[in-house]
Structure formats: structure tokens, C-alpha cells
Amino acid sequence: MPRPKNNRIVHEPPLYSEFKPLGVPGVDLKRSKLSLDEFEAIRLADYNSYSHEEAAGEMGISRSTFSRLIEKARKKLAEFIIQGKLLTIDGGNIHFRNNIIRCESCGYMFKTNINASFAECPNCKSTRLVNLAGGFGHGICCTESNHKKGGYYATRRQNRPKGRGSNDR
Ligand SMILES: [Zn+2]
Ligand SMILES: [Zn+2]
């Protein structure tokens, strides 16, 4: 299958990136990886109940691409709960639209634009901040991607012209 050239848009980073069955050592479990675009597909279609059409628009991909993506993601989740696997969320051909910052001192989490930077926690003034997008190896790349697409919310809820973008098939 040819790899899509365009990056898919993921609204914001996942809060948790590792899941495992209780009481079984990780080394004894098969590993499964849900890519960030598969995670986003589950979030949009199954958590937020978007139609495939709407979800595809949010991610900047075609509806048929979205339908294949969600099928793969659901299969992985089904295997995870039925077979008991160690599931990690990471990777994928994506950029984030927004970011989440977590304070290690007080646990406060706040959502921001992908390009915003914070020196201290707005809640407790601690400087022990974790940048969730950064943890997935994203940040500046996402800012640039957002700019290229004409601004942070340019692609939101807007039908992208057909024929543009090469990841539509
Ligand atoms: Zn704090
Ligand atoms: Zn990025």
C-alpha cells in the first residue's frame, strides 16, 4: 500500500499512551501499537460520534481513507481487549493541531495551541511541565504544518477541495 504523502491532522495528543491487562508482566504480553491517526479515528467516530464524513474532514483525509483507518483501529482495540496485549499509542503520519501541557507538581492539565510555550504552571507556578505533543516527537513540525495549511483552524469543519492532496486514495 502506498504511503500517504500528506500528514493527517490529530486534534491533540492522547493523555495516556500505554495500556496493559492487570496482573500480567509486560514481558509476557504481545505488543500492539495504535498509531496516533488510528487513535484519532477512534476518538472522532466512536467517542465523539462523528460521521465518517465529518471525521475525515477533521483529519484532512478522504472519507474512504478514514473508513480504512477506523477499521484497522477497531481491529487493534478488539484484539487488545480479547487477547490481552500491551498496547502503546505512538507514531503515524500526523501532526497535532493543539497541545496539552501537564504539570508534574499539581497534576493540572491545560490545552493550548501547538505553538504556545509555557514557563510555569498557571495553577501552582511550578516549572515541572510535561509537553505531551513533545513526548510524541512533535512540536515545531506541527506548527509549520498548521501554517502551511493556512492557520490553526483553517482545515476545521471545511470540505477540502477534491483532487488536492495526494493522500486521498
Ligand atoms: Zn501545577
Ligand atoms: Zn508535528
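Read the figures in this text as sums done on the coordinates, not as results from a lab. Fair warning: this is a prediction, and the values are worked out from it, not measured in the lab. For neighbour counting, all protein chains shown are included, and Cβ atoms are generated from backbone atoms with ideal geometry for every residue, glycine included.
Overview of results
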| read-out | value |
| --- | --- |
| Longest segment of the chain lacking GluC sites (Glu not before Pro) that sit in a DSSP loop with at most 14 other Cβ atoms within 10 Å | 1-103 |
| Within straight-line cross-link reach of Lys125, lysines at Cα separation under 28 Å, skipping those fewer than 8 residues along the same chain | Lys111 |
| Order of Lys125, Lys85 - criterion: other Cβ atoms within 10 Å of each residue's Cβ, fewest first | Lys125, Lys85 |
| 19 Å Cα-Cα reach of Lys20 towards aspartates and glutamates, excluding residues that sit fewer than 8 places from it in its own chain | Asp28, Glu38, Glu79, Asp90 |
| Percent of beta bridges antiparallel (DSSP, the chain, rounded to nearest 5) | 55 |
| Cα-based shape type of the chain, given that a ≥ b ≥ c are square roots of the gyration tensor eigenvalues and the cut on a/c is 1.5 | oblate |
| Ser126 long-range amide H proximity, modeled H, under 5 Å | Cys121 |
| Segment 52-134: C-alpha gyration tensor shape, a/c 1.5 cut-off, then a/b vs b/c | oblate |
